[in-house]
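A.B. asks: Before I ask anything, let me first share the structure, which is written out below as C-alpha cells.
Only the coordinates and a few stated rules stand behind these numbers; no lab work does. The structure presented is a predicted model; accordingly, all values stated were derived computationally and were not measured. Counting neighbours? That spans all protein chains shown, and the Cβs are built from the backbone with ideal geometry, glycine included.
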Amino acid sequence: MLGIGNVQMWAAQSIECEDEQRLLMPGGHSPMGSGLPMAIGACYASDAPCVVVEGDGGLQMNIQELQTVVRNHLPIKIVVMNNGCLGMLRQFCQSWFAGRMHQAVWGYDTPDFASVAKAYGLGYGDVTKPWDIEAALDKMWADPNEPYLLNVQIPAKAYCVPNVSYGKRLDEMQPAAPGLALKVNAKGFVIENKKVPAPEAP
C-alpha cells in the first residue's frame, strides 16, 4: 500500500512484486494520510502481512491509527520516508512558486518516530544510509506477524524525478532525454538533475 506524495512515485518506480503480492496505490485519488487506514483495510481483506510506504507528513495525518494496528495486532509494516518536510509540496514550491515554502518546510516539524513507536508499543528501526537498508529490512521481517515502524531518513531535497510539469504532456517529463543526468549526494540520494554535455562523436 502506498501513501500520497513523492513516496507513491518513488515506490511505483522501483517496487517489483512477486506472484502472490499486490501493489495498491491511490494514484492521486485519495487524500494525504490515507495510506495507513487503507493498509489496515488491505490487511483485513487479505488476512496477510501488509506493508505501507508513507511519508512523514502523511503518517502524521492519521497517526492515531497506529493504535488500531497495535490493539488488533495487525501484521502491518509501516515504512516512513522521512525527509522532515512535505516533500512533494516542497518540490512544487521550489519549481513553480519561487521557493515559498510556507507549511511545506517553514512551520512544519516531524516527531521523533522512535518515541512514537515506543509510545504505541511498535517494533522500530532506523535507516540513515542507503547501504543500511537490507539489514533494517531483515530486522523488520524477523517476525512477519509483528507490526513494525521503519523510519527511513532521506534528504529534504531528495526530489521525485522524472516528473511532468504543469501543463506538459507525459512525453515531456524531465529528465528523460539523453544528456540529462541525476545529481546524487554523498549518501547516494538523488537531489536534483543537471545538464551534462553530450559525448563527443568518435
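A.B. asks: Set the bar at 31 Å for Cα to Cα. Now go through LYS77/LYS129; LYS139/LYS168; LYS118/LYS157 and name every pair that lies beyond it. List each step's numbers first, then the result.
C.D. replies: Details: LYS77/LYS129 20 Å; LYS139/LYS168 43 Å; LYS118/LYS157 29 Å.
Violating the 31 Å limit, Cα to Cα: LYS139/LYS168.
A.B. asks: Here's a follow-up. Give the calculated FRET efficiency between ALA45 and ASP132 to the nearest 0.05, with a Förster radius of 30 Å applied to their Cβ-Cβ distance. Spell out each step's value before the answer.
C.D. replies: Details: r = 32 Å, r/R0 = 1.08.
It comes out at approximately 0.40.
A.B. asks: What distance in nm separates the simple spin-label points at VAL164 and ARG22, each placed 7 Å from Cα in the Cβ direction?
C.D. replies: It is 2.6 nm.
A.B. asks: Additional query: Highest first, please rank the peptides 149-160, 8-19 by the mean number of other Cβ atoms sitting within 10 Å of their residues.
C.D. replies: Working: 149-160: 20.1, 8-19: 12.2.
So the peptides 149-160, 8-19, ranked by packing, come out 149-160, 8-19.
A.B. asks: If amide hydrogens are placed 1.01 Å from N in the peptide plane, which non-local residues have theirs closer than 5 Å to the one on ILE154?
C.D. replies: ASN82, ASN83
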